[in-house]
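In what follows, a structure is listed as structure tokens, so that the remarks can point back to it.
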Amino acid sequence: MWVSTKMAARTRASVGAGTYISVQTQAGIWADPTGAVYEGRTVLVYNSTQVGYRLYQYLNSKWRSVDLIGGENDAYRSHEARCLDSLQDQLLFIDDFIGDQIKDEWGTNLYGGSVAVVDSQIGGIARLQTGGVDGDGLNFDWGTIRSLHVSKRVVFEVKAKLGQSDTDQFIFMLLRFDGDDYIGFVSFQDANWLARCRDGGVQTSEDTGVALDTDYHIFRVDATRLTQIDFYIDGVLTNDITTNIPDDAGDYLEVFFDFGTLENANKILDLDYVGVKQDR
């Protein structure tokens, strides 16, 4: 049996000599372990109505967990090691913006002198550029194509780079149903990226601790665990949010970018690729 290197490292650091891993059983929706709560407590939970096991550890005043899913020959894998075993069981979309124009899946809503273009001369990117007047910006999204859902363990990933690191801009990189229901990375005059879940107009927003800069970064929103949304930047887990997840039956999501300037100056957001996968 193996778990993610992140969890293994935490376990080695937190569980000392004489400390043991306790076992509990559950049924229904996954829930935090019961009993005493203290730093480093580690509990292996079996849930009779879910798939596999879940390993919990209480770290930094919060329960953290990793899924252990039974596989062939008693092998185990964590949710972070999920792979494309068979495309018949997954919906997969990726756009690396190779070519000379934006593909049909994408729609744009431009305000001010903003543009969205494929710039193949600098490596096959979609360049979102605002106009030069305060309030100019654009939406870059799937329009009416809403086929993604938290219940299908959707994962959204984008490699993106800002042309500027100032706070006079707003950036939303989302899986979105509407303005009141979405999950993703946000900055609205913020020095750092925020991880956000918003449901019915009520939101949970957490600081990732990662500052805006002008380098490429890989942003990933992972709903593999259903009741918890994991946020990664460059492969590092920055946040895990369990509240205000838009998972109602009708909350079908689309890929959605909203980008704009908050001063009289052009702003640029480059997208190297956008990828989505989920269970069928």
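Laboratory data are not the source of any read-out in this text; all were calculated from the coordinates shown. Remember, it's a predicted structure, so these values are computed and weren't measured experimentally. Note that each Cβ is placed from the backbone with ideal geometry, even for glycine, and that neighbours are counted across all protein chains shown.
Please arrange HIS217, HIS149 by how many other C-beta atoms lie within 10 Å of their C-beta, fewest to most.
Numbers: HIS217 16, HIS149 21.
By the 10 Å Cβ count, ascending: HIS217, HIS149.
How charged is the neighbourhood of GLY201? Take every other residue with its Cβ under 9 Å from the Cβ of GLY201, and add Lys/Arg as +1 and Asp/Glu as -1.
Working: positive: ARG198; negative: ASP180, ASP181, ASP199.
Cβ neighbours under 9 Å give a net charge of -2.
For each of SER151, SER65, count neighbouring Cβ atoms within 10 Å of the residue's Cβ, then give the residues from fewest to most. The partial results should precede the final answer.
On the way: SER151 13, SER65 20.
So the ranking, lowest neighbour count to highest, is SER151, SER65.
What's the extension gain from GLU39 to ILE268 if we count 0.36 nm per residue and subtract their Cα-Cα distance? Provide the component values of the computation, followed by the final result.
Numbers: separation 229, 0.36 × 229 = 82.44 nm, distance 4.35 nm.
Result: 78.1 nm gained on full extension.
Along Cα→Cβ, 7 Å out, is where each label goes; now give me the distance between the ones at ILE98 and ASP215 in nm to one decimal.
If labels sit at ILE98 and ASP215, their model points lie 2.7 nm apart.
If each residue of separation counts as 0.36 nm, what is the full-extension length gain between THR243 and ASP166 once their alpha-carbon separation is subtracted? Could you put the intermediate results ahead of the total?
Values: separation 77, 0.36 × 77 = 27.72 nm, distance 2.97 nm.
Result for the pair: 24.7 nm of gain on full extension.
With the cut-off at 23 Å, tell me which of the pairs LYS103/LYS161; LYS159/LYS277; LYS103/LYS152; LYS159/LYS267 have Cα atoms farther apart than that.
LYS103/LYS152
Just to check I understand the Karplus step: with θ = phi - 60° and J = 6.51 cos²θ - 1.76 cosθ + 1.60, what whole-Hz values come out for the range 105-118, glycine and proline as x?
4, 8, x, 10, 10, 9, 10, x, x, 7, 9, 10, 9, 8
Rounded, prolate or oblate: which fits the range 90-279 when a ≥ b ≥ c are the square roots of the eigenvalues of the alpha-carbon gyration tensor, with rounded for a/c under 1.5 and prolate only if a/b beats b/c? Display every interim value, and only then the final one.
Working: a/c = 1.56, a/b = 1.30, b/c = 1.19.
Taking the square roots of the gyration eigenvalues as a ≥ b ≥ c, the range 90-279 is prolate.
Hey, with R₀ at 41 Å, roughly what FRET efficiency would ILE21 and SER151 work out to, going by the Cβ-Cβ distance, to 0.05?
E between ILE21 and SER151, to the nearest 0.05, is 0.85.
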